[in-house]
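The structure under discussion appears below in the form of structure tokens.
The values are calculated or read from the model by the stated rules, or taken from the named source; none is laboratory data. Only a predicted model underlies this, so the values are computations on that prediction, with no experimental measurement involved. Ideal geometry is used to build each Cβ from the backbone, glycine not excepted, and the neighbour counts take in all protein chains shown.
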Amino acid sequence: MTDEILLTKQGYEKIVAEYDELVSVKRKEVAERIKEAISYGDISENSEYDSAKNEQAELEERIHKLENMMRKAKIIDESKISSDRVSIGLKVRVLLQETKEEFEYVIVGSTEADPFEGKISNESEVGKALLNKKKDEVAEVTVPDGVRHYKVLEISK
């Protein structure tokens with residue numbers, strides 16, 4: 001796996017916003033909870049203190065992960081991407097030939113993938129198969145049931 005984390009500008013901004021929220025707001029809230037729990041006295045049997053310390057550990061782990069992601073981020077400049085071939089940062093409308101259903105996906109890096117929002121990873125089977133395809137080309141994807149054929153109908157920004 002590469003050190004580089006591929007992100008769209010929108011995905012990078014989402015990570016930065018979460019990081020800012022955690023550092024400027026959540027850290028203070030957790031510190032206040034710990035301070036309040038300590039004021040209750042004996043911390044050896046203080047469930048509020050234990051809970052707040054666990055939350056603090058999880059928070060710091062997430063902050064560290066976000067810092068790492070921002071440091072390793074490679075932002076895909078969508079304005080410089082040609083839409084003649086499927087690539088990361090572009091939207092692709094496809095026809096699943098076996099069922100005649102149409103789907104619309106945005107190809108993103110694995111960090112941003114969210115199938116419920118139509119964002120599929122460039123590392124997923126469908127994402128890999130669609131990369132570099134042109135309009136009207138067919139991508140074959142092997143699935144447990146056999147092979148699926150996705151015809152590229154449209155590529156857009």
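Quick check on my filter: what residues within the stretch 39-95 are of a type in the set (Gly, Ala, Ser) and closer than 26 Å to Glu21 by Cβ?
Scanning the stretch 39-95 gives Ser51, Ala52, Ala57, Ala73, Gly89.
Looking at (1) in a loop (DSSP other than H, G, I, E, B); (2) at pLDDT 95 or above; (3) surrounded by 17 or more Cβ atoms within 10 Å (Cβ to Cβ), which is the only condition Ala129 fails?
(1)
Could you pull out every one of the helices (runs of 4 or more DSSP H) wholly within the stretch 1-95 that has 1 or more residues that are under 20 Å from Ala113 (Cα atoms) and touching a residue at least 24 places away in the same chain (Cβ under 8 Å)?
Answer list for the stretch 1-95: 9-21, 47-72.
Given Lys72, Lys119, which one is assigned by TED's automatic domain parsing to the domain that holds Glu13 and within 23 Å of Asp3 (Cβ to Cβ)?
When all the criteria are applied, what remains is Lys72.
Would you pick out the residues in the stretch 132-150 that are surrounded by 13 or more Cβ atoms within 10 Å (Cβ to Cβ), under 16 Å from Leu90 (Cβ atoms) and not small (Gly, Ala, Ser)?
Those that are surrounded by 13 or more Cβ atoms within 10 Å (Cβ to Cβ), under 16 Å from Leu90 (Cβ atoms) and not small (Gly, Ala, Ser): Lys133, Lys135, Glu137, Tyr150.
Identify, by number, the condition in (1) more than 24 Å from the chain's Cα centre (by Cα); (2) exposed (fewer than 15 other Cβ atoms within 10 Å of the Cβ); (3) within 30 Å of Ser24 (Cα to Cα) that Glu117 doesn't meet.
(1)
Which one of the conditions (1) on the phi < 0 side of the Ramachandran plot; (2) surrounded by 15 or more Cβ atoms within 10 Å (Cβ to Cβ) does Ser51 fail to meet, given that it meets all the rest?
Looking at each condition in turn, Ser51 falls short on (2).
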